[in-house]
1. Quick check: convex hull over the Cα atoms of the range B:66-158, volume per residue in Å³, rounded to an integer?
2. Nearest 10 degrees, 0 to 90: what angle lies between the long axis of helix A:5-14 and the longest principal axis of chain A (Cα atoms)?
3. Please list B:98-111, B:346-359, B:443-456 highest first by mean number of surrounding beta-carbon atoms within 10 Å per residue.
4. Find, among the trypsin sites (Lys or Arg not before Pro) in the range B:178-277, those assigned to loop by DSSP (not H, G, I, E, B) with at most 16 other beta-carbon atoms within 10 angstrom.
5. I'm a student and want to see the number: the projected area of the Cα convex hull of the range B:133-281, averaged over all directions, in nm².
6. Measure nothing but the geometry: give the 0 to 90° angle between the long axis through the Cα atoms of B:53-65 and the longest principal axis through the Cα atoms of chain B, rounded to 10°.
7. Add +1 for every Lys or Arg and -1 for every Asp or Glu among the other residues with Cβ under 9 Å from the Cβ of B:LEU97, and state the total.
8. Would you mind getting me the FRET efficiency between B:ASP238 and B:ASP271? Use the beta-carbon distance for r and R0 = 41 Å, nearest 0.05.
Amino acid sequence: MKITRKNVEDVALLSRLEIPEEQIETMTGQLNAILEYVDVLNQLDTTGVEPTAHVLPLKNVMRADVVVPSLPRDAALANAPEQENGYFKVPKVTEG
Amino acid sequence: MDYEVVIGLEVHSELKTHSKIFCGCSTQFGSEQNTNVCPVCLGMPGVLPVVNEKVVEFAVRAGLALNCEILPFSKFDRKNYYYPDLPKNYQTSQYDLPIALNGYLDIEVGGETKRIGITRIHMEEDAGKLVHAGTISNADYTLVDYNRTGVPLIEIVSEPDLRSPEEAKAYLEKIKSILEYLDVSDCKMEEGSLRCDANISLRPRGTEPFGTKSEIKNLNSFRAVQKGLEYEVERQTDLLEEGGKVVQETRSWDDAAGVTVSLRSKEQAHDYRYLPEPDLVPIVVDPSWVEEIRSNLPELPDERKKRMMETHGLSSYDASVLTASRAQAEYFDALTAQGVDAKAAANWVMGEVAKHLNSNGLTIAQCPVSAENLAGMLTLVDKGTISHKIAKTVFEEMWTSGKAAEQIVREKGLVQISDSSAIIGIVDAVLAANPQSVADFQAGKERALGFLVGQIMKQTKGRANPEMVNTLLKERIGQM
């Protein structure tokens, strides 16, 4: 698959990244170079190989339904750039 | 043109666990903002989520009750989106290998049973709550409470098998009923523990391809589901009739205004870029565990309804209403277990009890009149100790005081007067005082008798046995 200028713009929007106009071309080229690099993997014959769901040979790691103490609210909010009345304060969002 | 409505529902139900899906924070509703949070549910770097085993059990239970296959191998995935209701910028959900697939449930609409397919059930975490200063459109900023973040959810996705807003409502009511019976969710729409989004489209009747759909959000009550979808059917019909096109979009139901409004977003196509969740290992469900859960499933609404019809000879309608909630069915069973006639028990539960609960905003589990007390009162009616009319007074008194019927009847002197010698004196007095009514009745005015009965009831404070009053009145007038 080939990355287009449009793909870069879309992903930038989804990731909330502002990419200067003059860098879009460069990025498109760089992303394509990365994809070409890993494209070598497509040469492998994976017929009959189960898709990997997880890299570790583990399953069913679970915990009992037991409540443990939460963080004190001050600690929870300690790194918030802004807070108000015990809430995290963020720029307004109108999209539902 | 005649259009056929096509609806599919996505139902989210919060599971009734003590702790969250991936951490030990409490799921308590209504706690102070941001007090049930920890590094895991706040999405701090380097933390490791671990699945709550109860969540898997509840999801399997729901899957079995909704006739699904339980996938032996299931995994979690990250659903990426930027919205501050989740601090991680992704929601941990299930994508291609959900816990359950291919189920169904039967609904009854207009006396007919219809099977609705269930595409899948998956487990995921709930998101936080956004509080907007002012209204959503004029707010300057948004406040976030992450208490709900990580509360376990199952999402139940139906096939596009529903053909009317009424069917959609019946389907949602049935899901609620089943989840309550299973004891896996509180299903309180008003607290958001049961939520519903609908996909709806129209197509010319008799044609196969689906029309363009809109997705309706914010359907926060059973009434809203029906009203919102009815509105949408009308809106889409008008658009198509005028030669326009339905745009694929998300719309929000505004309950106060009674309309759906577009929630058009800048992001034209939502691209969730799902990827396997590397912090959680797959779930491999042991078939013997699934069978153990299956054998421990409680009696479900359909079976209970059938049993009620067979054991008590109740109508399909009565049995449906009584079994809609497990607590109500149990209340009814407790009445009949004490020897109350089934029809009388059904009438009271669906009548006075339901009326009082509704007007006080209570559920039957909170009913101040215990089944035992109501049974005691109905026994008094059955024995003729109190009349039907007085029974309602006694019920009111039981509702407010919580006392047993016998005690109330004794304290208030409400015992029915069935002694003819006691009634006859009052009958004679009333007849003597109302010669005009007597003459009217003799002249053929049936209504005059009702007036005389009323006078006697007034004098006995409603305690006179009504049948006896009628008989004695006619007898005495006949002798005049």
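What follows draws every value from the coordinates through simple rules; no lab data is involved. The model shown is predicted, which means the values in this text are computed figures rather than measured ones. Using ideal geometry, Cβ is built from the backbone for each residue, glycine included, and neighbour counts are taken over all protein chains shown.
1. Details: hull volume 12.6 nm³, N = 93.
Each residue corresponds to 136 Å³ of Cα convex hull volume.
2. Helix A:5-14 sits roughly 10 degrees off the main axis of chain A.
3. B:98-111, B:346-359, B:443-456
4. B:LYS188, B:ARG205, B:LYS245, B:ARG264, B:LYS266, B:ARG273
5. The number I arrive at for the range B:133-281 is 12.6 nm².
6. It works out to around 60 degrees.
7. Combined, the nearby Lys, Arg, Asp and Glu give -1.
8. Once the sixth-power term is evaluated, E becomes 0.80.
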